[in-house]
Amino acid sequence: MADYSFRDSEKKWQEYWESNQIFKSEVDSNKKKYYVLDMFPYPSGAGLHVGHPLGYIATDIVARYKRIKGYNVLHPMGFDSFGLPAEQYAVQTGQHPAITTEKNITRYKEQLRKIGFSFDWSKEVRTSDPAYYKWTQWIFIQLFHSWYNKQTDKASPISDLIKIFEKEGNANVKAVCDEDVTVFSQSDWNSFNEKQKEERLLAYRLTYLADTMVNWCPELGTVLANEEVKDGLSERGGYAVVRKKMSQWSMRITAYADRLLTGLDGLDWPEAMKEMQRNWIGKSLGAELEFEVVNSEKTKIKVFTTRVDTTFGVTYLSLAPEHELIPSLTTKEYQDAVDNYVTMAKNRSERDRMSDVKTVSGQFTGSYAINPFNGEKIPVWIADYVLSGYGTGAVMAVPSSDTRDFAFASNFKLPIIAVQEGEGTDITKEDFDPKKGTMINSGFLNGLTVKEAIKKAVEFVEEKGYGKGKVNYKMRDSIFSRQRYWGEPIPIYYKDGIARTINEADLPIVLPEIEEYKPTESGDPPLGRAKDFTYAPTGSLERYPIELNTMPGWAGSSWYFLRYMDPNNETILVDKEAEKYWNQVDLYIGGSEHATGHLLYSRFWNKFLFDLGVVTSDEPFKKLINQGMIQGRSNFVYRINGTAKYVSCKQKLGYETTEMHVDVNIVDNDILDIEAFKAWRPDLAEAEFITEPDGTYLCGHEVEKMSKSKYNVVNPDDVVEKYGADTLRMYEMFLGPLEQFKPWNTNGIDGVSKFIKKLWKLFHNEKGDFQIENSAPSREEFKILHQTIKKVEEDVERYSFNTSVSTFMICVNKLTELKSNKRQILEDLLIILSPYAPHITEELWSLCGHMESITKSNFPQWKEEYLTESDFEYPVSINGKMRVKLNLPLSLSKEEIEKRVLESDIVQKWLEGKNPKKVIVVPNKIVNLVI
Ligand code: ANZ
């Protein structure tokens, strides 16, 4: 046999693994389990580029490693297959998103297959599959029928809540619920009609319909997320966006805020990710404080403050433009000005309003309030830096301590009456011009530290009945409705205007067929186009309309890791035994861009399912690693301005040129394939070139994001075709630490490709025939092997894959030098290399005569005895003269060396029966005796 033919071999082994279901995993309580998971991809039309498999290669190495370490490994793959691109493509072309999605999945699977991943495809899930989303809908229904009981600190059935209401009303219920629930008694409850009862219950349900302010884009016919709006226009298309109140399904994720926060402490995640979630949840300890309005004692303005200690310095109040008291607070004189201001402010997105420090805009209402601490009369303003969704939507402004209040007050020439003492204020003494304000003291808080002052002020406020201590979270409940087609239907129907859940037995509610994927003319979501999208509950002759909104992209991905454990179960979301066995994901690898989206939502749903008893673990992902991105390495050519001439990179000095991206696939080691370049585009056919002296055209290069528009996308299929999957896998790992961002640079790939060839040669003689020997290896050979085993094991255990690759290279180089072809050495090398280069190792393993796949072998145990240089030849001198050389093991202690030296016959002869006066042992060097 001649050179290694990776094409045949890789294809052969991929087929072998597949047809023998080598990676299929079943619950086996006699074996330790290991669950290793990738963030599943959205199957986009563009296919995979070399950046995508980076994380998958890392998890695959771990999965294969853990298997040969004796673990039962669950390593599944699936598709996050609902989503916007397929829908937009459908709107443009009329092609059903299911068809494009299916086509893309086929392509993805083909690409993944070629890289030799050890996925258990029998566990595959697709979020757009009705058999899967049946359970996404089921979770929605459970959320609808649950409320959050603060006393037990978990979700409980709504039926329990109803029992409480029937017995005693809601006065004693401690729940996470809407802010504005009014108290009702037992008899109130019993006198409510069904609709009234439903309205009350909605305020408690974990998923609920609420009128929410949304970014509505009439042109696109949909609600947009905050990050999709820039300067009041839609990011895509630049259409006008207005803030609008719409009835939307929401998820009461805030009920879990504290548990989501404390749960982070026990997770082995990158600290930066945990910090991002902490900030997103944004827990603030503070107080709510009420301000009476002058001439209207009944109206009270409630503010949320984290600095109740600064109340003496309050010089005005400001309300969010959406605040409900504005109409009643606005005096006649200011009516027009207020109306204009409110209209203007409402249409700016929250994000713009928060970031826009300079244009602190505002409007006086004409009303005044009373500062409860000192009885001062203070004006009530409207300011759009106050957000309606946070706290109470009203702030007490302390311009001497808070930068925004200070900027606002300066802008509107409002008084700044106090400089607070103590650390912790935003404004420094230097910033504050005392001429602008009067220094006053803080009454009973004088001289205290901020912490002490806050504590004392809260006590004061509570005692006097001005307000109470309060915890606030930045995190909001998540809006769940989408006006889209390609998502899960929400399992709700409406009867008599009341939202009701579809019977579980009737799930899934399958996405109906429609002709066009756009909103209807009357502004209903696309599902409004379906002919008969109605539901008849069992026993009912009448049919009722089904909810027209669909679920957001994050619904299906919030629980997919559970379904992998038992993907085909039709009667339950996940089998109890399977869940108990596979339990948490032991290792999860994916991008850091999901910090406050997917990773937070899935923790939320998991906690809810935990409360429900569906899962046994409160946290889904024990360990998380964020793989860095592989960036593109772009190449450039330089056109001399006004000509069709291109000048090579090192010759361009003195020319006025325009830099142009060139397709990296027609560049090799920065050298342009001139003919391919001419053929690349019709306008380049006549191109002329000024080359380097050797006749080549040298391109410039730069590291950028990998993207089609930069012509720097490298397709893994091409790399596999040219070098083989084993080379691609090892090369991607070799690029650098997994977490790091790093450019794709094919210049180094030859090194890895050579390594694979060298490995092959170790097993073959000069003539190219397979030949290994059964004779015992030398100590040196063992040493090389065992050092490698140890290093590779340590590396995988700490997810340092790039260092393993270099270790393998060193090992193969050393064995090549020794012309080592001992079975005992080479077979173990194959086993430890198999997670990285699974194909060639299978091939050589079978050539070694093994009938069973190398994936069934055992990771060898390294032995200490082989790691050390075994012996050292000690020169032993007696009275300054070297008399003998003794071979002693290196592992000996000083005392043991001395003992062994003295025991030696030759030394004994020189000692002539005397005891030496002095013995000096210098380990690894010399022994000196003085007699
Ligand atoms: C007086 C004060 C004095 C404040 C001071 C801060 C510093 P965090 O920590 O983010 O929770 N605030 C309250 N509700 C607001 C809203 N809806 N929109 C904008 N700002 C709002 O911030 C809480 C602080 O932000 C509150 O404490 C309030 O200003 C302001 F030296 O009250 B503070």
| note | Expected vector for the range 843-857, Karplus 3J(HN,Hα) from phi with 6.51, -1.76, 1.60 and θ = phi - 60°, integer Hz, x for Gly and Pro, equals 4, 5, 4, 6, 5, 5, x, 7, 8, 9, 4, 5, 5, 9, 7
| task | Averaging over all projection directions, find the projected area of the Cα convex hull of the range 478-604 and quote it in nm² with one decimal place. | result | 10.5
| request: For Glu659 and Ile572, compute 0.36 nm times the residue count separating them, minus their Cα-Cα distance, and round to one decimal in nm. | output: 25.4 nm
| request: Grab the beta carbon distance between Leu902 and Glu780, set R0 = 41 Å, and tell me the FRET efficiency rounded to 0.05. | output: 0.85
| request: Quick one: order Tyr866, Tyr16 by neighbouring beta-carbon count within 10 Å, fewest to most. | output: Tyr16, Tyr866
| Stokes-Einstein diffusion coefficient of the range 288-351, Kirkwood radius over Cα pairs, 25 °C, 0.890 mPa s, in µm²/s | 181
| Descending Cα extents along the principal axes, the range 712-773, whole Å | 44, 23, 16
| task | Compute the signed sum of charges (Lys and Arg +1, Asp and Glu -1) over the other residues within less than 13 Å, Cβ to Cβ, of Lys495. | result | -2
| said: Can you give me the distance in nm between label points at Ile22 and Lys300, each placed 7 Å from the Cα along the Cα-to-Cβ direction? | reply: 7.2
| What's the long-distance tail for the range 848-931, i.e. % of Cα pairs beyond 17 Å? | 55
| task | With θ set to phi - 60°, apply the Karplus curve 6.51 cos²θ - 1.76 cosθ + 1.60 along the range 674-690 and write out the HN-Hα couplings as whole Hz, x wherever there is a Gly or Pro. | result | 4, 5, 5, 5, 5, 7, 5, 9, x, 5, 9, 4, 9, 4, 10, 9, 9
| remark: Helix 749-762: inclination vs the chain longest Cα principal axis, degrees, rounded to 10, gives 40
| query | Per residue of the chain, what 222 nm ellipticity follows from adding -39500 (n - 2.57) for every DSSP H run with n ≥ 4, rounded to the nearest 500? | reply | -10000 deg cm²/dmol
| request: May I ask which of Lys134/Lys167; Lys244/Lys710; Lys245/Lys518; Lys69/Lys580 have a Cα-Cα span longer than 31 Å here? | output: Lys134/Lys167; Lys244/Lys710
| field | Point-to-point label distance, Lys917-Arg798, nm (Cα→Cβ direction, 7 Å offset) | value | 5.0
| query | Once phi is turned into θ = phi - 60°, what whole-Hz ³J(HN,Hα) does the Karplus curve with 6.51, -1.76 and 1.60 give for every residue of the range 730-737, x standing for Gly and Pro? | reply | 5, 5, 4, 6, 5, 4, x, x
| About the Cα centre, charge dipole magnitude for the chain (Lys/Arg +1, Asp/Glu -1 at Cβ), debye | 2040
| remark: Measuring from its Cα centre, the range 818-931 shows a charge dipole (+1 at each Lys and Arg Cβ, -1 at each Asp and Glu Cβ) which, in debye to the nearest 20, is 840
| query | Based on the Cα atoms of the range 769-915, what semi-axes does the equivalent ellipsoid have, where each is the square root of 5 times one gyration tensor eigenvalue, given in whole Å with the largest first? | reply | 43, 17, 12
| message | Taking a ≥ b ≥ c as the square roots of the Cα gyration tensor eigenvalues, with a/c under 1.5 meaning rounded and otherwise prolate when a/b beats b/c, else oblate, which class fits the range 155-284? | response | oblate
| request: Report, largest value first, the span of the C-alpha coordinates of the range 551-615 along each principal axis, in whole Å. | output: 33, 27, 23
| field | Dipole magnitude (debye, nearest 20) for the range 468-549, charges at Cβ of Lys, Arg, Asp, Glu | value | 700
| Ranked by Cβ crowding within 10 angstrom, fewest neighbours first, how are Thr106, Thr803, Thr538 ordered? | Thr538, Thr106, Thr803
| field | Alpha-carbon spread of the range 138-208, three principal axes, descending order, Å | value | 32, 25, 21
| Equivalent ellipsoid, the chain (semi-axes from 5 times Cα gyration tensor eigenvalues, Å) | 62, 39, 34
| query | Between Gln651 and Asn924, what length comes free when the chain is fully extended (0.36 nm per residue of separation minus the Cα-Cα distance, one decimal in nm)? | reply | 92.4 nm
| Which net charge results when you count Lys and Arg as +1 and Asp and Glu as -1 among the other residues whose beta-carbon is under 12 Å from that of Lys814? | 0
| said: Could you work out the pair-distance distribution P(r) of the range 1-148 from its alpha-carbon pairs, with 5 angstrom bin width and percents rounded to whole numbers? | reply: 2, 8, 14, 16, 17, 15, 12, 8, 5, 2, 1, 0, 0, 0
| request: Return the aspartates and glutamates within reach of Lys678: Cα separation strictly under 13 angstrom, same-chain partners fewer than 8 residues apart disregarded; answer none if there are no such residues. | output: Asp663, Glu686, Glu688
| said: Over the Cα atoms, compute the radius of gyration (one decimal) and Dmax (the largest Cα-Cα distance, rounded to a whole number) for the range 98-147, in Å. | reply: 15.3, 48
| task | Taking every Cα atom in the range 657-697, find the radius of gyration and the maximum pairwise distance Dmax, and write them in Å. | result | 10.2, 27
| Of Ser118, Ser775, Ala257, which is farthest on the positive side of the dipole of the chain, counting Cα position, with +1 on Lys and Arg Cβ, -1 on Asp and Glu Cβ, and the Cα centre as origin? | Ser775
| task | Divide the volume of the convex hull of the Cα atoms of the range 457-536 by its number of residues and quote the answer in cubic angstrom per residue. | result | 210
| Quick one: Cα convex hull volume of the range 764-815, Å³ per residue? | 99
| request: Provide, for q = 0.14, 0.18, 0.21 Å⁻¹, the log10 of I(q)/I(0) from a solvent-free Debye sum over equal Cα point scatterers in the range 250-316. | output: -0.66, -0.82, -0.92
| Amide H of Ala369: which non-local residues (sequence gap of 5 or more, or other chain) have their own amide H closer than 5 Å, using H built in the peptide plane? | Val294, Ile378, Val380
| said: For a bin width of 5 Å, list the pair-distance distribution of the range 668-773 built from all Cα-Cα distances, rounded to whole %. | reply: 2, 9, 14, 16, 17, 13, 10, 8, 5, 3, 1, 0, 0
| task | Arrange Leu833, Leu653 by Cβ neighbour counts within 10 Å, fewest through most, would you? | result | Leu653, Leu833
| said: I'd like the projected area of the range 576-676, averaged over all directions, using the convex hull of its alpha carbons. Report it in nm² with one decimal. | reply: 11.4
| For the pair Glu873 and Lys909, what calculated FRET efficiency results from E = 1/(1 + (r/R0)^6), where r is the Cβ-Cβ distance and R0 = 25 Å, to the nearest 0.05? | 0.85
| Given H placed on each backbone N at 1.01 Å, which residues far from Tyr35 in sequence or on other chains put an amide H within less than 5 Å of it? | Leu74, Asp586, Leu587
| request: Name the aspartates and glutamates eligible as straight-distance cross-link partners of Lys300: C-alpha to C-alpha under 17 Å, and not fewer than 8 places from it in the same chain. | output: Glu179, Asp180, Glu288, Glu290, Glu292, Glu322, Glu324, Glu376, Glu462
| Which one of Ser44, Trp605, Leu54 has its Cα pushed farthest toward the positive end of the charge dipole of the chain, where Lys and Arg give +1 and Asp and Glu give -1 at the Cβ? | Leu54
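Every read-out reported here was derived from the displayed coordinates using simple, explicitly stated rules and does not represent laboratory data. Since the model is a prediction, treat every value here as computed from it, not as a measurement. Neighbour counts are summed over all protein chains in view; Cβ atoms, including those assigned to glycine, are modelled from backbone coordinates with ideal geometry.
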